[in-house]
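As structure tokens, the structure follows; a few thoughts come after it.
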Amino acid sequence: MAFSSEIRPLIFANNSMGSYISTLPYIHNYPIMYGLLGKSSEAYAIIPSLHYNEYESRKQKTDKKGLIYNSVKSVIEDFIKDKQGSFYVFPLMPESLNIYSFLMSSESWSYALPVRNRLKNVFPRLTSYTAFMPGSKFWTYIIVNNNPPGLAKGSRAAWIRVGKKRWGIFKVKYEELKAEKCINQNEKMTSIPVNLADTEKFGVEIVSSSTVLRTPNISEGPIAWASIKDCRLIKVPNKNKTFEDLCLPLPAEVISKICQNQAT
């Protein structure tokens with residue numbers, strides 16, 4: 001699996017060799033939502049130039065709007081409203097990584113000599129990639145509300161594709177966690193990196209944050225460790241048969257429902 005997380009110039013012996021594309025070990029939560037929805041992308045084709053319209057200083061002279069992620073938007077809106085069948089996925093954390101580097105070169109040939117014409121868009125002629133190979137493992141938390149489509153027992157996807165712009169698929173293993181009780185905490189660091197834009201939509205106050213991943217589209221939201229105010233810790237059993245305190249930014253109605261259900 002390869003992500004275009006960071007692009008840097010590739011230079012060897014003072015000569016430009018194209019670009020070096022690295023894959024960061026944190027996976028944004030939006031492609032995971034697409035995978036669980038059974039989608040690789042939105043219905044329209046992904047046009048990279050539309051990313052620029054998200055920035056005031058880079059807007060092109062066109063009436064086109066920036067990229068709009070309607071599917072994810074609907075998922076988050078339903079989750080905030082605590083609708084039956086709604087769900088939310090937090091970004092993925094790496095557990096173990098198997099990393100492989102490879103070189104890509106693109107060129108065209110004439111009858112006589114090899115030539116390199118200008119390529120479509122601005123794809124570099126020579127690119128060095130890093131990718132996560134089989135054996136890599138990631139984990140996250142999924143909050144579900146009464147058996148959402150694709151996440152109900154008996155219908156959970158064993159494999160998901162994580163986006164049209166990304167190469168690769170995930171084999172998914174599910175483990176249910178039952179919350180035992182909730183404890184109020186004045187200020188606490190999240191148990192997993194979170195989407196800052198989603199956290200604000202949930203009405204959760206962020207005290208401080210440390211960003212680990214940004215995407216070209218600013219509306220997607222950066223991924224960061226965050227210290228949040230008034231966190232309600234959710235106690236869940238772990239593999240060692242002891243209890244673990246989870247601090248997850250969630251909408252007020254969702255966290256209240258979790259805590260009330262456990263109280264009864």
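The values are calculated or read from the model by the stated rules, or taken from the named source; none is laboratory data. Note that the structure is a prediction, hence the values are computed from the model and not measured. Counting neighbours? That spans all protein chains shown, and the Cβs are built from the backbone with ideal geometry, glycine included.
Contact map, region 76-105: residues that are of a type in the set (Ser, Thr, Tyr) paired with residues that are not in a strand (DSSP E or B), Cβ distance under 6 Å, separation 6+ or inter-chain. Pairs shown: 86/78; 86/79; 86/145; 88/79; 100/133.
The residue of region 223-236 that is surrounded by the fewest Cβ atoms within 10 Å (Cβ to Cβ), among those that are free of Cβ contacts under 8 Å to residues at least 60 places away in the same chain and within 19 Å of the chain's Cα centre (by Cα), is 225. Of the residues in region 125-134, at least one is aliphatic (A, V, I, L, M) and at pLDDT 75 or above.
Restricting the search to region 237-264, which residues are in a loop (DSSP other than H, G, I, E, B) and without any contact (Cβ under 8 Å) to a residue 60 or more places away in the chain? Correct list: 238, 239, 240, 241, 242, 249, 264.
Can you tell me which residue within region 199-222, out of those that are within 12 Å of residue 28 (Cβ to Cβ) and of a type in the set (A, V, I, L, M, F, W, C), is farthest from the chain's Cα centre (by Cα)? Step by step, filter region 199-222, then rank; the result is 212. Going through (1) in contact (Cβ under 8 Å) with a residue 12 or more places away in the chain; (2) on the phi > 0 side of the Ramachandran plot; (3) of a type outside the set (A, V, I, L, M, F, W, C) one by one, residue 154 falls short only on (1). Quick one: is residue 41 in contact with a Lys or Arg (Cβ under 6 Å, 6 or more places away or on another chain), within 30 Å of residue 140 (Cβ to Cβ), modelled with pLDDT under 70 and of a type in the set (S, T, N, Q)? Yes: the conditions hold for residue 41. Considering only residues that are in contact with a helix residue (DSSP H, G or I) (Cβ under 8 Å, 6 or more places away or on another chain) and of a type in the set (Gly, Ala, Ser), which ones fall in region 192-219? 197, 203, 209, 219, listed by residue number.
State yes or no: is residue 253 among the charged types (D, E, K, R) and closer than 18 Å to residue 74 by Cα? For residue 253, the condition - among the charged types (D, E, K, R) and closer than 18 Å to residue 74 by Cα - is met.
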